[in-house]
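The values are calculated or read from the model by the stated rules, or taken from the named source; none is laboratory data. All figures in this text were calculated on a predicted structure; none of them were measured in a lab. Cβ atoms come from the backbone with ideal geometry, glycine included; neighbour counts cover every protein chain shown.
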Amino acid sequence: MPRSIGKKGSKFLWLVAAVFLTTSTGWSQVRSGRISGAVHDSSGANVADAKVEILETATGQRYPGTTNGEGEFQVPYLPGGTYEVKVVKQGFISSVQSGIPLGVSETVRIEVILQVGGTQTVVNVTDSGGTVQTESSSIVGVTGTQLIQALPNVNHNPLYFATLQLGATPRASMTQVTGQNSFGIGINGRRNVSAIAINGGGAFQNDVQVDGVGVVGSAWNEAAVLPNSEGLQEVRTTVNNYSAEYGRGQGVVLMTTKSGTNEFHGSGFWRHRNDFFNANSFSNNARKIDRPGFKVHTYGGTFGGPAIRNKAFFFASWEGLKFNEGLNFLRTVPTILERKGDFSQTLSNVSGVPTPLQLFDPYNVIPAGTNVFQRAAIPNSVIPANRLNAAALMLASQYPMPNGPPDDVYNTNNFRRSATRVYGRNNLNSRFDYRAGEKHSLYFTGGFTFGDITHPLTFSDDNLNNSIAGEGFSRFIKDRNPYFSVGDTF
């Protein structure tokens with residue numbers, strides 16, 4: 001059964017939370033599977049007190065069990081993996097069923113038929129024709145390691161695998177592969193990549209968990225942590241009739257990270273995308289603006305193995321992403337004449353008609369009727385040199401000079417500039433499993449998703465007239481979302 005953590009453990013967790021400043025830290029719900037079944041003899045009679053031994057083949061960990069008076073057995077709190085089930089009873093030939101896949105939060109039931117004979121003889125069953133869950137009415141879709149590695153996933157979004165389940169529908173924005181919010185960086189990016197509607201519900205009404213700990217943000221209920229797909233064991237999507245342990249949500253997306261095994265394993269990867277085959281936009285072609293740059297680098301690796309053979313295992317995965325988004329600025333800057341106070345060539349929009357701009361003198365008023373006065377027009381809209389303000393001239397001089405012809409009849413949009421918005425993301429996911437005893441296991445899992453966005457300035461870096469081409473009022477966006485959890489069963 002799950003065991004609660006004492007006060008000392010709670011104090012330690014609060015210390016970790018204070019250090020990491022995380023919104024995704026806590027003692028996780030223990031996510032484990034269960035193997036149950038029934039043992040009969042060849043006549044169909046129940047076989048009581050048979051010894052059941054369940055072996056996780058990758059780690060060598062063994063879990064014991066015994067059949068009751070009705071021949072039933074149940075072994076809970078099993079980590080996801082591939083299992084072998086051995087049943088031994090005096091006077092019967094031992095039975096071994098191997099290659100039994102077990103997912104996290106899954107119950108697998110098997111049937112065992114024992115033949116009369118000596119226990120020295122063993123009947124091996126390597127292909128049982130599959131297993132069926134009959135003890136839960138939940139509608140669940142599972143994407144395992146093999147599919148995660150085989151299916152194309154352009155943006156390396158782990159939540160993409162949740163949309164493979166019937167009833168889980170991604171928003172159109174989630175399918176974008178080149179937009180600025182396609183990579184899960186920043187609040188808008190994370191909203192985009194986790195916009196899944198389940199059974200017709202809202203896109204942000206789901207519970208998202210990593211190794212049993214909730215990792216949704218507090219603002220939009222979006223996924224705050226995006227594990228490296230290379231380090232995922234499975235993505236489990238429950239769309240209906242989920243159990244009370246999940247507590248809330250239109251649906252539940254449970255991502256489980258890989259565990260280490262008795263063998264050391266590692267992997268590395270690097271992916272590159274660029275604008276070489278991208279088409280330019282219609283508006284850019286019309287304005288003779290070059291195709292914006294687009295370059296994405298995704299890289300990382302995994303490593304895991306035994307810390308103590310058959311007892312303690314570790315696994316870690318890391319993924320980095322760099323994305324440079326090309327931007328084209330189209331602005332209106334003062335002309336050479338306007339910088340001198342000469343607005344004689346400046347046009348204004350009067351009911352859609354280009355009209356010469358008329359300036360008025362705020363310090364010179366003339367009668368325009370009884371007790372009515374108006375400002376006097378400045379001849380030809382040229383401000384006299386002795387009326388020019390030094391501070392205004394300085395600010396005007398800070399604008400760059402026009403570098404192209406205006407693109408409309410009002411002589412506006414005379415400055416063009418290409419710049420780059422830089423995105424970066426780092427994901428770290430780690431897990432440590434420890435078998436403390438025959439019926440006592442611990443696991444520690446933690447990591448983070450860190451995102452950074454650097455917005456370009458409209459003009460040069462030291463220009464006083466810069467505006468920020470980005471979200472809010474900050475040029476530098478830092479998105480920090482660590483998580484940490486502990487699972488304890490005995």
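What the table shows:
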{"read-out": "Qualifying position, being out of contact with any helix residue (DSSP H, G or I) (no Cβ under 6 Å at 6 or more places or on another chain), in contact (Cβ under 8 Å) with a residue 12 or more places away in the chain and more than 30 Å from G184 (Cβ to Cβ), among A419, A391, A368, A376", "value": "A376"}
{"read-out": "Any hit, the range 181-197, residues being under 15 Å from the mean Cα position of the chain (by Cα), modelled with pLDDT of 90 or more and part of a strand (DSSP E or B)", "value": "yes"}
{"read-out": "Scope the range 101-114; condition touching an Asp or Glu at 6+ places or on another chain (Cβ under 8 Å) and modelled with pLDDT of 90 or more; matching residues", "value": "R109, I113, L114"}
{"read-out": "Verdict on D433 being part of a strand (DSSP E or B), in contact with a Leu (Cβ under 9 Å, 6 or more places away or on another chain) and among the acidic types (D, E)", "value": "yes"}
{"read-out": "Matching option when the condition is in contact with a strand residue (DSSP E or B) (Cβ under 7 Å, 6 or more places away or on another chain), modelled with pLDDT of 90 or more and either farther than 30 Å from A224 by Cβ or charged (D, E, K, R) (or both), among Q61, Q97", "value": "Q97"}
{"read-out": "Single residue of the range 276-320 satisfying the filter (buried (at least 17 other Cβ atoms within 10 Å of the Cβ) and touching a Lys or Arg at 6+ places or on another chain (Cβ under 6 Å)) that is farthest from N466 (Cα to Cα)", "value": "F315"}
{"read-out": "Filtered residues of the range 278-308 (kept if more than 25 Å from Y423 (Cα to Cα) and either among the aromatic types (F, W, Y) or within 25 Å of the chain's Cα centre (by Cα) (or both))", "value": "F282, F303, G304"}
{"read-out": "Members of the range 455-484 that are surrounded by 15 or more Cβ atoms within 10 Å (Cβ to Cβ), part of a strand (DSSP E or B) and either at pLDDT below 90 or touching a helix residue (DSSP H, G or I) at 6+ places or on another chain (Cβ under 8 Å) (or both)", "value": "L457, I477, D479, P482, F484"}
{"read-out": "The range 73-91, residues that are at pLDDT 90 or above, of a type in the set (A, V, I, L, M) and under 36 Å from the mean Cα position of the chain (by Cα)", "value": "V75"}
{"read-out": "Residues (hydrophobic (A, V, I, L, M, F, W, C) and in contact with a Gly (Cβ under 7 Å, 6 or more places away or on another chain)) located in the range 261-278", "value": "F264, F269"}
{"read-out": "Filter result for G130 (among the small types (G, A, S), at pLDDT below 65 and not assigned by TED's automatic domain parsing to the domain that holds E438)", "value": "yes"}
{"read-out": "Residue match in the range 313-320 (condition: in a strand (DSSP E or B) and charged (D, E, K, R))", "value": "yes"}
{"read-out": "Some residue of the range 236-259 being touching a strand residue (DSSP E or B) at 6+ places or on another chain (Cβ under 8 Å) and more than 29 Å from G141 (Cβ to Cβ)", "value": "no"}
{"read-out": "Scan of the range 329-360 for residues that are without any contact (Cβ under 8 Å) to a residue 24 or more places away in the chain and in contact with a strand residue (DSSP E or B) (Cβ under 8 Å, 6 or more places away or on another chain), ordered by number", "value": "T355, Q358, F360"}
{"read-out": "Qualifying positions in the range 168-192 - among the small types (G, A, S), crowded, with 18+ Cβ neighbours inside 10 Å and out of contact with any Lys or Arg (no Cβ under 6 Å at 6 or more places or on another chain)", "value": "A168, S182, G186, G189"}
{"read-out": "All positions within the range 146-162 that are loosely packed, with under 13 Cβ neighbours inside 10 Å and assigned to a helix (DSSP H, G or I)", "value": "Q146, Q149, A150"}
{"read-out": "Residues of the range 411-433 satisfying the condition of being buried (at least 16 other Cβ atoms within 10 Å of the Cβ), over 26 Å from the mean Cα position of the chain (by Cα) and not charged (D, E, K, R)", "value": "N411, T412, N413, N414, F415, A419"}
{"read-out": "Hits in the range 255-277 (condition: over 21 Å from the mean Cα position of the chain (by Cα) and farther than 30 Å from G212 by Cα)", "value": "N274, D275, F276, F277"}
